Structure formats: structure tokens, C-alpha cells
Ligand SMILES: NC(=O)c1ccc[n+]([C@@H]2O[C@H](COP(=O)([O-])OP(=O)(O)OC[C@H]3O[C@@H](n4cnc5c(N)ncnc54)[C@H](OP(=O)(O)O)[C@@H]3O)[C@@H](O)[C@H]2O)c1
């Protein structure tokens, strides 16, 4: 059943002939392989809904998959395909066995390996849907459902305390920006590292409004080799107790060397292409605990998604988003690959 059926609109086009615009990837390669095409509009099967997409998330992993790579934990995607796993929009049709009361509802979903989000319409299992509270805009909902849930999980598994001083490289990125805001909400002191002047504004916007809380936020340009000295000038005797690193390379290595004894290192990625180098001498010298919380099966994923959405709804997190029109998916991928992203990259059909 569709919204049009529900409204008894006799002029509705027969579903079988309806088309939509979608990004289609027919071969692996550079961003240019992402082309906009007119394709058949999908019909929901049993247990599925069709969503009229209002915002679709673009993930760094989408760029790896497009180039023919991606983490070993992900199945190789068969081509042609439409990328996109983080989707927000309005339910526009329901398949067999799905409550028609969902029609016209604002929803968000992470559809796992199903893909199809870079499109005007997409399918999602009804079981994956979260009904969106009114105040949450679609792009922010997209930022919460995948990247936000990762941020929640990472901080929970890091055992974040309000006494922590946490260093977060890549604070301008989709995940880094939410980690910063969440860590601040835990009461921690946050050292947010960003990659050059062009990223400064987006990181400055993460600062808490309250003046006392703002004292717990230290934003530093990691392309300035002196950043550790600037950090110490603010922190005084306090040393960082936690490094949450998704960047790796020289920045992460410099951050590692600022850590105090007994600090924790949480590795969540290597957007520089080179995971942070740590050897046993580092671990022994600083009594470090090193963990990699991602890449394993996460129990209670839906509960974590709910927490991520609630954090956006109550204003704890207001994820910066970098919006591109659907037809410019190639430019959105290029921005991620050329390190020009400002927060979570989102496509708007
Ligand atoms: N988003 C998720 O749900 C998720 C889940 C699991 C793992 N991860 C991992 O977490 C890390 C961050 O993810 P994300 O979603 O925040 O990615 P993103 O939006 O693409 O941001 C990555 C950030 O890394 C920094 N960076 C530093 N050197 C870079 C380089 N050479 N190339 C590209 N970026 C560079 C950039 O910040 P500056 O330019 O300011 O330095 C950039 O903003 C990645 O390693 C990703 O694989 C993310």
C-alpha cells in the first residue's frame, strides 16, 4: 500500500512504470563512476517499507567500496549498485505484513549491507526504522543513525569519565565532531585536533555555549607541529588520559606521545591511510591500554541507535552536516577523499 492508495488518489501512476532518480555505480573507479540515472522505483517486499528519501548519509567506507576495497568485514558489493546505508525520509509505501499506520511517518534507518540510499526512494526493513521526533531534521538524523551510534558505542566502550582529558584527532569529520560533543556532555576535557585553517570554523562550532563548559574545550590545529606545546600551556599539570584515534599517521603519533601514565588508546580507524604506530616500548613506558572496539559484533545496536537519536533530539549533540545535492554524489565522495569534508557528508535528493 502507498500513501497515494491511502489518499484514494485515482491519478496515481501505476507502480510498475514509476521511475526515480538514483546514483548508479556500474564499475569500480574514481568518483566519476557515480552517475545519476532514471531507474525503476523499487517496490517494498514483505516486511519492508519504501522511504521517500530526504537525506542519505555518505560514509568514508562508501569511497573505499567505490574504489573496489572496503574492510574485510564487509561483503564485496555486486555491481551495478546504488550506495547508501544511512537514510532518513518519509514512509511512502509499505509491503505485506507491515502496519499501514507507518505511511507518511518521518523515519530514519541504517540498512546495513542493503544499500540503495543515494536515491529519491529506497527500501528498508520495517524492523530497522526509528520514528523521528519532530525537532530532529533529516540530515542530522542521518548523521546520528550510523556515525552517531558509532560515537556512542566508542565512548561507552572507552569507559569515558568526567575526569578524562581526551584527545580526538579528525575533530572536523563526521565521527570526530560527534565524539567531541558527546565527550563534552560526559563532563570530560576535550582536545579537538583539526587539519588546518579551513577546518577551524566547523570545530569551533563544537564549543559548548556555557562559559564554564567552554573551558573544557581546547581546539588545536594539528598541522602546527607545536600543538602539543599549546595544549600543555592550557592543561598545565594535567596530561591526556585518553586518545580516541580515527586518523593515524603523524598526528596520532604526536598525540600518543602526549599521553600520561595509565592512559587508554582507542583505535577506530586510519583516515590518513596509516594506523597509529604503537609498539610494546610505548605501552610499557606509559602503562597504556590499547583497544580496538570496532569490527566486532555489537550487541544492543538498536538501543545504541536510540541513544544516538535521543542525543540529537535533546540537543546534547548537534552534528555538523555537509550537504550535497543527490546528483553531486561524485563531488561528495571527492570531498571526503580530498579531506575537504566539514562534518557528516549528506546527500539531499
Ligand atoms: N563514521 C563511522 O560510523 C565510522 C565507523 C567506524 C570507523 N570509522 C572510522 O573513523 C574514522 C573517521 O570517520 P569519519 O566518518 O569521521 O570520516 P570523515 O568524515 O571522512 O572524517 C575523517 C577526518 O580525518 C581527518 N584526516 C586526517 N588526515 C586525513 C587524510 N589524510 N585523509 C582524510 N582525512 C584525514 C580529517 O580531519 P582533518 O582534516 O580536520 O584532520 C577528516 O575530517 C575513519 O578512519 C573511519 O574509517 C568511522
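Of the numbered criteria (1) more than 8 Å from the ligand (Cβ to nearest atom); (2) out of contact with any strand residue (DSSP E or B) (no Cβ under 8 Å at 6 or more places or on another chain); (3) in contact (Cβ under 8 Å) with a residue 40 or more places away in the chain, the one residue 143 fails is (2).
The set of residues in segment 302-318 that are within 24 Å of residue 187 (Cα to Cα) and in contact with a strand residue (DSSP E or B) (Cβ under 9 Å, 6 or more places away or on another chain) comprises 305, 306, 309.
Whenever a residue of segment 177-198 is over 17 Å from residue 316 (Cα atoms), its partners that are outside any strand (DSSP E or B) and more than 13 Å from the ligand (Cβ to nearest atom), lying with C-beta atoms within less than 6 angstrom and at least six residues away or across chains, give the pairs 191/231.
Counting only residues that are surrounded by fewer than 22 Cβ atoms within 10 Å (Cβ to Cβ) and within 11 Å of the ligand (Cβ to nearest atom), segment 227-248 holds 1 of them. The residue pairs whose first member lies in segment 313-334 and is over 25 Å from residue 135 (Cβ atoms), whose second member is surrounded by fewer than 16 Cβ atoms within 10 Å (Cβ to Cβ), and whose beta carbons are closer than 7 Å, counting only pairs six or more residues apart or on different chains, are 330/32.
In contact (Cβ under 8 Å) with a residue 40 or more places away in the chain and either within 15 Å of the ligand (Cβ to nearest atom) or more than 25 Å from the chain's Cα centre (by Cα) (or both), is that true of residue 251? Spelling it out, residue 251 is indeed in contact (Cβ under 8 Å) with a residue 40 or more places away in the chain and either within 15 Å of the ligand (Cβ to nearest atom) or more than 25 Å from the chain's Cα centre (by Cα) (or both). With a requirement of 2 or more residues that are more than 23 Å from residue 183 (Cβ to Cβ), more than 11 Å from the ligand (Cβ to nearest atom) and modelled with pLDDT of 95 or more, the helices (runs of 4 or more DSSP H) lying completely within segment 259-349 that satisfy it span 280-286, 329-337. What about residue 221, is it modelled with pLDDT of 95 or more and loosely packed, with under 13 Cβ neighbours inside 10 Å? In short, no. Looking across segment 200-216, just one residue is crowded, with 24+ Cβ neighbours inside 10 Å and within 9 Å of the ligand (Cβ to nearest atom), and that is 203. Criterion applied to 131, 111, 98, 61 was being more than 17 Å from the chain's Cα centre (by Cα), within 20 Å of residue 304 (Cβ to Cβ), without any contact (Cβ under 8 Å) to a residue 60 or more places away in the chain and not assigned by TED's automatic domain parsing to the domain that holds residue 175, and the one residue passing it is 131.
Between 193, 179, 175, the distinction of being out of contact with any strand residue (DSSP E or B) (no Cβ under 8 Å at 6 or more places or on another chain), within 13 Å of the ligand (Cβ to nearest atom), modelled with pLDDT of 95 or more and closer than 22 Å to residue 250 by Cβ belongs to 175 only. Looking across segment 276-306, the residues that are on the phi < 0 side of the Ramachandran plot, in contact (Cβ under 8 Å) with a residue 60 or more places away in the chain and surrounded by fewer than 19 Cβ atoms within 10 Å (Cβ to Cβ) come down to 291, 293, 294, 298, 301, 304, 306.
Taken over segment 249-258, the criterion of being surrounded by 21 or more Cβ atoms within 10 Å (Cβ to Cβ) and under 16 Å from residue 192 (Cβ atoms) is satisfied by 251, 252, 255.
The values are calculated or read from the model by the stated rules, or taken from the named source; none is laboratory data. What you are looking at is a predicted structure, and each value in this text was computed from that prediction instead of being measured. Here the Cβ is made from the backbone with ideal geometry for all residues, glycine too, and neighbour counts use every protein chain on show.
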